[in-house]
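Read through the structure below, which is laid out as structure tokens, and then see the notes.
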Amino acid sequence: MEGGKPAWQWFEDLFGELPPEDCIDEFTVSYAWFQNRFRVMPNDATEPTVQVYARGYIMMLFTMLFGDKSGARVHLRWLPYVADLDGLGKYSWGSATLSWLYRCLCRVANRNVKNLAGPLALLQSWIFWRFPTFRPRRFDVILWPLASRWGRYMSSSDEKGPRVIATRHRLDRLRVDDFYMLQFIWMPYSALEVIQVVHPDILRPEHTYLWKSTTALIYFSSIEWHQVDRVLSQLGGVQHIPEPAINIDFLLSKDGRGPTRWFPEVFAT
């Protein structure tokens, strides 16, 4: 990876140790090992120790945002990024997260795919913020980050089959008029009580311009199109007849697996 340095040597340089062998599987580490190792930082931590814990926390955060169906493995692909903590802000991580979510939703639309990967906590938060009748009760305290509002929510342990059917029926019964009668909230984050807790840097013009851009969202080999001209009502605009959707079907076959699985060669150097 770094100047020909093997991946695991780089891992040891960044974290000061290697995980036990039973926590390693090819280019991944057990999430539980990271969680136990970096759960609590010492009160007298030096600056290098703080950086080690920051890297561990960020590796776990990346796993939550860009997780696959295993959900319990931390991938070494993130080592080049956590090695340069000062440079992390140069990347559009929100765009990458959306790209991965869109790709996962695309995959699960296949009737032969049974499980959904990706940042499901963010997808659930998006649903709860916009569909008031779907959100759980007694979660009225608004915090930053906004998705933490539902942090303690646990879905019912009842048989999920009937709940899935009931939810599908409620969605099928939604009418156009319902979108203007608080059955769907187009701009949930524009409410005063929400804006008051949003970090001011998020509302800077250079960030809001990105929200409104019709552009490509890139996460490694996953490339999805951000077609915001089809949802202008969510951005405070007036919805016009959108342009035909851009056909990027040729990109959907590139998913980081098979011939596009680049990291074994890179990490082996």
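Read-outs: derived from the displayed coordinates by stated rules, not from any lab. The shown structure was predicted, so the numbers you read here are calculated from the model rather than taken from an experiment. Cβ: placed from backbone, ideal geometry, glycine included. Neighbour counts: every protein chain shown.
Laid out as a table, the results:
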item	result
Segments 17-28, 235-246 sorted - mean Cβ within 10 Å per residue, highest first	17-28, 235-246
In nm, spacing of pseudo-spin labels at GLU12 and ILE142 (7 Å Cα→C-beta vector)	5.1 nm
Whole-percent pair-distance distribution, where bins are 5 Å wide, for the alpha carbons of the range 1-115	2, 10, 19, 21, 19, 14, 8, 4, 2, 1, 0
Per-selection Kirkwood Rh - the range 110-173 (Cα, Å, 1 d.p.)	13.5 Å
Sorted by Cβ density within 10 Å, fewest first, the residues LEU101, LEU14, LEU252	LEU252, LEU14, LEU101
Semi-axes of the equivalent ellipsoid for the chain, Cα gyration tensor, largest first, Å	35, 23, 21
Kirkwood hydrodynamic radius of the range 72-223, Cα pairs, Å	18.4 Å
Pairwise label distance in nanometres, GLN35 with ILE218, each label 7 Å out on the Cα-Cβ vector	3.4 nm
Of every Cα-Cα pair in the range 60-130, the percent that sits beyond 17 Å	51 percent
For the chain, calculated [θ]222 nm from helices alone, where every DSSP H run of n ≥ 4 adds -39500 (n - 2.57)	-10500 deg cm²/dmol
Length-normalised contact order of the range 1-126 in % [C-alpha pairs under 8 Å, at least 6 apart]	24 percent
